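Only one structure is covered here, and it is reproduced in the block below.
The values are calculated or read from the model by the stated rules, or taken from the named source; none is laboratory data. None of the values given here were measured: they were computed from a predicted structure. In this analysis, Cβ positions are derived from the backbone assuming ideal geometry, glycine residues included, and neighbour counts consider all displayed protein chains.
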């Protein structure tokens, strides 16, 4: 019975903290624009960290503080009420919904990608990354897979792009692999919460800008990638892609922005250290280290918070 109480209270604490933090993020995420982040990769990483912060913090605090505090400070007598059970069941539903959402989306993506891969052939495009040539009708250029990623290139894209344009376009997808963007999408599907679509869309857009920025090293390469985007945008109407994939082509407005940024690219446009972000994440780390250094007191405060949250 005591083990059941630990599980119920732990789930309740996790659920309450996760919902409170998620609601705070939904209300405040746009303020990150005030930091004037110029480096695309920094913006993408910051937006993603902000999105998964409720999940990471809630899980970490529950495992490292809430559960140990309950084990050490709670008496053997049952003093939980019906509200505790409701919070625990609610948290369990949140976890179940996240897992179901992630697994169903992954299964749907695998089914669609499997159809696209029928009859596909390996293509040598001067890259160590596995590249497959797919039949016409598939998206022009697409990164698929999580554990074993590969790039899917349609025959139409191959016939339309020059060798240099194809190479820099494939390099764009390689940058998505280095950032593990498909895996990050899977994790996002495990953390559902109403109102987060705006933050997630902002992150998706930032990842494309970051991959463009990292894929080019010279002005010629920037122009080649811009030309590739323009050519492929005229090839066929942009289509919705499976959630667990990353395509070179996104919505038309973002393609326009990416082309403009690529055409204005120069070697000095590499960005600088974002001191505001260093201060922000340094503060988070400082709080975490202080809690660890004063673990006993942190357990006491967490136990008091647990009593207030779930009782």
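Within the bounds of segment 125-132, is there any residue that is touching a residue at least 40 places away in the same chain (Cβ under 8 Å) and under 23 Å from residue 184 (Cβ atoms)?
yes
When you scan segment 177-215, how many residues do you find that are closer than 16 Å to residue 255 by Cβ and either part of a loop (DSSP other than H, G, I, E, B) or under 12 Å from the mean Cα position of the chain (by Cα) (or both)?
Matching residues across segment 177-215 total 5.
Among the candidates 187, 223, 158, single out the residue that is surrounded by fewer than 23 Cβ atoms within 10 Å (Cβ to Cβ) and in contact with a strand residue (DSSP E or B) (Cβ under 8 Å, 6 or more places away or on another chain).
158
Somewhere in segment 24-40, is a residue modelled with pLDDT of 90 or more, in a helix (DSSP H, G or I) and under 20 Å from residue 302 (Cβ atoms)?
Checked against the condition, which is being modelled with pLDDT of 90 or more, in a helix (DSSP H, G or I) and under 20 Å from residue 302 (Cβ atoms), segment 24-40 yields at least one hit.
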